[in-house]
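Participant: Sharing a structure, written as structure tokens. Questions coming.
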Amino acid sequence: MLVSGELDLSVGMVYALTPFVMFFAAGAGLPVGLAVIVGLLAAGAVGLVNGVVTTVFGLPAFVTTLGTLFLVNGLTLTISGGFPVQPTASGTFTSLFGASPLAELGWAVLLALVLQFVLNKTRWGLHTIGTGGNPVGAAEVGIKVRLIKTGNFVLCAALGGFAGVLDAFRIGSIDPLAGGN
């Protein structure tokens, strides 16, 4: 987010919300893999709201994401009843998503390599750097600054949610107060 010139304060609470959405989706009968995707879509939706409010309405990202932080925190506490739960998956899936000691390290290295490539070698990454460095200049050369910033808000929230899912499987518990401010 910082490379695009914005700041997301709500990502810590998205980290707490996403595993709960995953848990309740799995409890509704969805397979665990699909429940993870539903949780990540919920995280992305939070990022989309942050991006649209910031770019379309012109509210500073600090204010937007601070408000979203409290909104998501309240939503997480409401749907969880304030109590932690345990993820229902087991076996290979949980090993792949954090129960194995090397799983989180593997995900971190993989994501760092992929996102470093995207940032340095793709049009999206170069536009992100241009937008963060000089938004007026980027807009003048034809970069869609609002789209780039909104997309980065979605990416930030989805990655925060993914970290929450990995941690939920690693710890074996989903805490409504995880993530924090």
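Participant: Could you please let me know if residue 87 is more than 16 Å from the chain's Cα centre (by Cα), in a loop (DSSP other than H, G, I, E, B), in contact (Cβ under 8 Å) with a residue 60 or more places away in the chain and closer than 28 Å to residue 20 by Cα?
Facilitator: Values: more than 16 Å from the chain's Cα centre (by Cα): yes; in a loop (DSSP other than H, G, I, E, B): yes; in contact (Cβ under 8 Å) with a residue 60 or more places away in the chain: yes; closer than 28 Å to residue 20 by Cα: yes.
Yes, satisfied.
Participant: Of the conditions (1) within 19 Å of residue 176 (Cβ to Cβ); (2) open to solvent by less than 60 Å² (accessible area, probe 1.4 Å), residue 93 fails just one. Which one is it?
Facilitator: Exception for residue 93: condition (1).
Conditions tested, residue by residue: (1) of a type in the set (Lys, Arg); (2) open to solvent by 50 Å² or more (accessible area, probe 1.4 Å); (3) part of a helix (DSSP H, G or I); (4) under 16 Å from residue 156 (Cβ atoms).
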| site | (1), (2), (3), (4) |
| --- | --- |
| 34 | no, yes, yes, no |
| 42 | no, no, yes, yes |
| 54 | no, no, yes, yes |
| 58 | no, yes, no, no |
| 75 | no, yes, yes, no |
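Participant: Got a number for residues in segment 9-29 being open to solvent by 10 Å² or more (accessible area, probe 1.4 Å) and either not hydrophobic (A, V, I, L, M, F, W, C) or not in a helix (DSSP H, G or I) (or both)?
Facilitator: Summing the residues that are open to solvent by 10 Å² or more (accessible area, probe 1.4 Å) and either not hydrophobic (A, V, I, L, M, F, W, C) or not in a helix (DSSP H, G or I) (or both) in segment 9-29 gives 6.
Participant: Restricted to segment 162-181, and to residues that are open to solvent by less than 30 Å² (accessible area, probe 1.4 Å) and among the β-branched types (Val, Ile, Thr), which residue is farthest from the chain's Cα centre (by Cα)?
Facilitator: That would be 174.
Participant: Kindly establish whether residue 6 is in contact with a Gly (Cβ under 6 Å, 6 or more places away or on another chain), of a type in the set (Asp, Glu) and surrounded by 14 or more Cβ atoms within 10 Å (Cβ to Cβ). Steps first, answer last, please.
Facilitator: Working: in contact with a Gly (Cβ under 6 Å, 6 or more places away or on another chain): no; of a type in the set (Asp, Glu): yes; surrounded by 14 or more Cβ atoms within 10 Å (Cβ to Cβ): yes.
When the stated conditions are applied, residue 6 does not pass them.
Participant: Determine whether segment 131-149 contains at least one residue that is over 24 Å from residue 46 (Cβ atoms), in contact with a His (Cβ under 9 Å, 6 or more places away or on another chain) and part of a helix (DSSP H, G or I). Before you say what the answer is, go through the steps one by one.
Facilitator: As a first pass, look at segment 131-149 and keep what is over 24 Å from residue 46 (Cβ atoms): 133-134, 136-143.
Within this subset, residues satisfying the condition of being in contact with a His (Cβ under 9 Å, 6 or more places away or on another chain) are 138, 143.
When the remaining residues are screened for being part of a helix (DSSP H, G or I), the result is 138.
Yes, because at least one residue in segment 131-149 is over 24 Å from residue 46 (Cβ atoms), in contact with a His (Cβ under 9 Å, 6 or more places away or on another chain) and part of a helix (DSSP H, G or I).
Participant: Select from segment 104-143 the residues that are among the small types (Gly, Ala, Ser) and either free of Cβ contacts under 8 Å to residues at least 24 places away in the same chain or open to solvent by 100 Å² or more (accessible area, probe 1.4 Å) (or both) and list them in ascending order.
Facilitator: Once the filter is applied, which keeps residues that are among the small types (Gly, Ala, Ser) and either free of Cβ contacts under 8 Å to residues at least 24 places away in the same chain or open to solvent by 100 Å² or more (accessible area, probe 1.4 Å) (or both), segment 104-143 yields 106, 108, 112, 125, 130, 137, 138, 139, 142.
Participant: Related question: Is it true that residue 101 is open to solvent by less than 60 Å² (accessible area, probe 1.4 Å), on the phi < 0 side of the Ramachandran plot and not in a helix (DSSP H, G or I)?
Facilitator: Numbers: open to solvent by less than 60 Å² (accessible area, probe 1.4 Å): no; on the phi < 0 side of the Ramachandran plot: yes; not in a helix (DSSP H, G or I): yes.
It is false that residue 101 is open to solvent by less than 60 Å² (accessible area, probe 1.4 Å), on the phi < 0 side of the Ramachandran plot and not in a helix (DSSP H, G or I).
The values are calculated or read from the model by the stated rules, or taken from the named source; none is laboratory data. Just so it is clear, the model here is predicted, and its values are computed rather than measured. Positions of Cβ are generated from backbone atoms using ideal geometry, with glycine treated the same way; all protein chains shown enter the neighbour counts. Just the protein is used for accessible areas: all its heavy atoms, side chains included, with ligands, DNA and RNA removed. Shrake-Rupley method; radii C 1.70, N 1.55, O 1.52, S 1.80 Å.
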